[in-house]
Amino acid sequence: MAADSLKSEPWAPPGGADVRMVQVGPHWDAVRAPEALGERALGLLGGATGAVIADYNLMYWLIRPGAAQHWQRIRQVQTLGTGRVETSYIGVPSIDRTSGPYLHWRVPLGPGRYLTDANRLREALVRAVVAELGIEIGEEDER
């Protein structure tokens with residue numbers, strides 16, 4: 001999805017230095033991970049990542065609504081949106097805000113770079129958890 005076509009989206013990034021609070025679920029779900037795991041997952045995903053929002057020590061991937069609804073728990077990773085009892089909102093920075101540590105696009109929106117494939121993201125996050133924390137995904141069930 002091109003940045004110009006985003007202007008017509010109800011959740012489109014705001015102009016200037018503004019931030020738009022967007023409800024997770026109607027347009028996309030999100031996967032939140034701490035920065036260390038997120039950076040490792042980005043390295044594993046390479047060019048297969050979609051846009052990523054960062055805010056201080058957290059990173060948020062945008063994924064298709066419902067795509068992570070039945071994921072097995074991954075340590076330090078949270079899915080937000082479809083199928084959740086609670087309503088979540090994420091701050092969406094302006095398209096030009098690409099550095100932080102405050103709210104910014106860690107991986108900016110661009111042509112062909114919007115939603116991340118949830119299955120690839122899950123695989124990268126599991127591998128990141130194993131590498132960073134030394135914990136296998138099956139061990140999470142016991143915690």
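The charge dipole of the chain, taken about its Cα centre with unit charges on the Cβ atoms of Lys, Arg (+1), Asp and Glu (-1) only, comes to about 220 debye.
Across segment 46-56, coupling constants 3J(HN,Hα) worked out from phi with the 6.51/-1.76/1.60 Karplus curve, θ = phi - 60°, read x, x, 7, 7, x, 5, 9, 9, 10, 8, 6 Hz, and Gly and Pro carry x. The candidate values were (1) 55, 38, 24; (2) 45, 30, 25; (3) 41, 33, 28; the one computed from these coordinates for Cα extents along the principal axes in Å carries the label (2). Of the residues Y102, T79, G16, the one whose Cα sits farthest towards the positive end of the charge dipole of the chain is G16 (charges of +1 on Lys and Arg Cβ, -1 on Asp and Glu Cβ, taken about the Cα centre). The listed peptides 120-131, 17-28, ordered by packing as a protection proxy, come out as 120-131, 17-28 (highest mean of other Cβ atoms within 10 Å first). Round to the nearest 10 and give me the degree value, 0 to 90, for the angle of helix 118-133's Cα axis relative to the longest principal axis of the chain. Once rounded, one gets 60 degrees.
Extension gain, V130 to H27, is 34.0 nm, computed as 0.36 nm per intervening residue step minus the present C-alpha separation. Within the shell of other residues whose beta carbon sits under 11 angstrom from the beta carbon of H27, the net charge comes to -1, with Lys and Arg scored +1 and Asp and Glu -1.
Between R73 and E35, the FRET efficiency estimated from the beta carbon spacing at R0 = 25 angstrom works out to 0.80.
Among residues other than G47 with Cβ under 13 Å from its Cβ, the summed charge is +1 (Lys and Arg +1, Asp and Glu -1).
No value in this document is a laboratory result; all are computed from the given coordinates. From a predicted model like this one, the values you see are computed outputs, not experimental measurements. Don't worry about glycine lacking a Cβ; one is built from the backbone with ideal geometry, like all the others, and counts go over all protein chains shown.
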